[in-house]
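Student: Below you will find the structure I want to go over with you.
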Amino acid sequence: MNNPTFKQPSTPNRKVDTVTSTPPIPAVLVLADGRSFHGHSLGAVGSTLGEAVFTTGMTGYQETMTDPSYHRQIVVATAPQIGNTGWNDEDDESRDNGIWVAGLVIRDLSARVSNWRAKRSLDEEMKKQGVVGIRGVDTRTLVRHLRDQGSVAAGIFSGEEAARPVEELVQIVAAQDSMAGADLSAQVSTTEPYVVEPEGEHRYTVVAFDMGIKTNTPRNFAARGVRTVVVPSTSTWADIEQYNPDGVFVSNGPGDPATADDMVAVVREVLGRKIPFFGICFGNQILGRALGMETYKMKFGHRGINVPVLNVTTGKIDITSQNHGFALKGKAGESFDTDFGPAKVTHVCLNDDVVEGVALESGLAYSVQYHPEAAAGPRDANPLFDQFIDLMDAHK
């Protein structure tokens, strides 16, 4: 957490008390719509605010918690038991090993850690990093509520904070800033460029915009002979031109893509110069906006590692890892004109027909809403990295 290149997770709404005791400490999860769920403290004692969202992944809680895309979100786990694999130092998806979730809500905490790589327990790591959570919650009821009502502002309060009147806590929760209109990428991005060198022979140089990049993304590039220059989310075309990139990549990240006008302008510059482009998650929304599409906030979003996506061009279905609360407006297979030639909606979610990918029909630029780098999750979509190599080969 002392790497000067990175900002530590911004937690202006989090208050932490280091007091611990053997008996369970009372805690309460409060939603802005007035619902409350009582349980016991998990991790640090105090309070935290964020948007309550749920993830359907049965595994990978450490990757989820360290994914910068979850910044300012209180994550509810649908899996009934969390913590069985403890916490190890190899699976963090944040380069500075920081936890980015605003809070964690679970039903049962595993009584024993059973992973040979584990260095400590989930509870210990949350205490160490000052992350407030709650256990013992009826997560089935809570997730059904979020599914029906949509993601909602929430807060976790433990210890003395949990003893305050619920009506008072609801007012505190409801007063926090909305995720709609939130510009968060700069809060999670690197502040200085850094380079991840290729494994073996250097084939290409890719500039990757860090909107909240996961460590497994440059690792995938490196395995394919790509030198990745990771740059801050605020970088301009003038900033990256010096690297003479063979390709440009825009990563996943938190916040509302409607606020990312500067990033959209950079991508339009890249497309105008006919440089191969690849984007994932937030990068998909940025490419869509650069091509003239609009974005919107979803009711409760897609978060999990079992989301089916159809490639409408090939008919192939991938089971994917996802984490997004915003999406592009469009329909499966829809073609439309852009300033850079015809484009097409290439992928859709089979659960709800949400747009999951767009591309220029020339093949010069493409993006997907899901995570081909997985971590944690299935590897069905990993060949999308090979597609980027093929694209750079074609424009060598």
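The values are calculated or read from the model by the stated rules, or taken from the named source; none is laboratory data. From a predicted model like this one, the values you see are computed outputs, not experimental measurements. Reconstructed Cβ throughout: ideal geometry from the backbone, glycine too, with neighbour counts over all protein chains shown. Side chains are part of the model used for accessible areas, which takes the heavy atoms of the whole protein and leaves out ligands, DNA and RNA. Shrake-Rupley method; radii C 1.70, N 1.55, O 1.52, S 1.80 Å.
Student: When residues of segment 302-326 are filtered for being in a strand (DSSP E or B), of a type in the set (Val, Ile, Thr) and over 14 Å from residue 373 (Cα atoms), how many remain?
Tutor: Narrowing segment 302-326 to residues in a strand (DSSP E or B): 302-311, 317-326.
In the following step, the residues that additionally are of a type in the set (Val, Ile, Thr) were identified as 305, 307, 309, 317, 319-320.
Going one step further and asking which of them are over 14 Å from residue 373 (Cα atoms), we end up with 307, 309, 317.
Summing the residues that are in a strand (DSSP E or B), of a type in the set (Val, Ile, Thr) and over 14 Å from residue 373 (Cα atoms) in segment 302-326 gives 3.
Student: A follow-up question, please. With respect to residue 297, is the statement that it is closer than 26 Å to residue 63 by Cα, open to solvent by 20 Å² or more (accessible area, probe 1.4 Å), in the same structural domain as residue 281 (by the TED database) and of a type in the set (D, E, K, R) true?
Tutor: Numbers: closer than 26 Å to residue 63 by Cα: yes; open to solvent by 20 Å² or more (accessible area, probe 1.4 Å): yes; in the same structural domain as residue 281 (by the TED database): yes; of a type in the set (D, E, K, R): yes.
Yes: the conditions hold for residue 297.
Student: Which is farther than 26 Å from residue 147 by Cβ and modelled with pLDDT under 95, of 333, 315? Can you show your working first?
Tutor: Numbers: 315 fails: modelled with pLDDT under 95.
Of the residues listed, the single one that is farther than 26 Å from residue 147 by Cβ and modelled with pLDDT under 95 is 333.
Student: Taking the options 158, 178, name whichever one is open to solvent by 50 Å² or more (accessible area, probe 1.4 Å) and out of contact with any Phe, Trp or Tyr (no Cβ under 9 Å at 6 or more places or on another chain). Walk me through it before giving the result.
Tutor: Working: 158 fails: open to solvent by 50 Å² or more (accessible area, probe 1.4 Å).
Exactly one of 158, 178 is open to solvent by 50 Å² or more (accessible area, probe 1.4 Å) and out of contact with any Phe, Trp or Tyr (no Cβ under 9 Å at 6 or more places or on another chain), namely 178.
Student: With the requirement that a residue be farther than 26 Å from residue 78 by Cα and not polar (S, T, N, Q), what does segment 147-171 give you?
Tutor: First, pick out the residues of segment 147-171 that are farther than 26 Å from residue 78 by Cα: 160, 163-165, 167-168, 171.
Within segment 147-171, 160, 163, 164, 165, 167, 168 qualify.
Student: Shifting gears a bit: Got at least one residue in segment 110-124 being closer than 30 Å to residue 257 by Cβ, out of contact with any Asp or Glu (no Cβ under 8 Å at 6 or more places or on another chain), open to solvent by less than 40 Å² (accessible area, probe 1.4 Å) and touching a residue at least 12 places away in the same chain (Cβ under 8 Å)?
Tutor: Pass one, segment 110-124, residues closer than 30 Å to residue 257 by Cβ: none.
No, segment 110-124 contains no residue that is closer than 30 Å to residue 257 by Cβ, out of contact with any Asp or Glu (no Cβ under 8 Å at 6 or more places or on another chain), open to solvent by less than 40 Å² (accessible area, probe 1.4 Å) and touching a residue at least 12 places away in the same chain (Cβ under 8 Å).
Student: Among the residues that make up segment 71-80, is at least one of them buried (at least 18 other Cβ atoms within 10 Å of the Cβ) and within 23 Å of residue 165 (Cβ to Cβ)?
Tutor: yes
Student: So, in segment 20-54, of the ones that are hydroxyl-bearing (Ser, Thr, Tyr) and either free of Cβ contacts under 8 Å to residues at least 24 places away in the same chain or touching a helix residue (DSSP H, G or I) at 6+ places or on another chain (Cβ under 6 Å) (or both), which residue ends up farthest from residue 102 (Cα to Cα)?
Tutor: This residue is 22.
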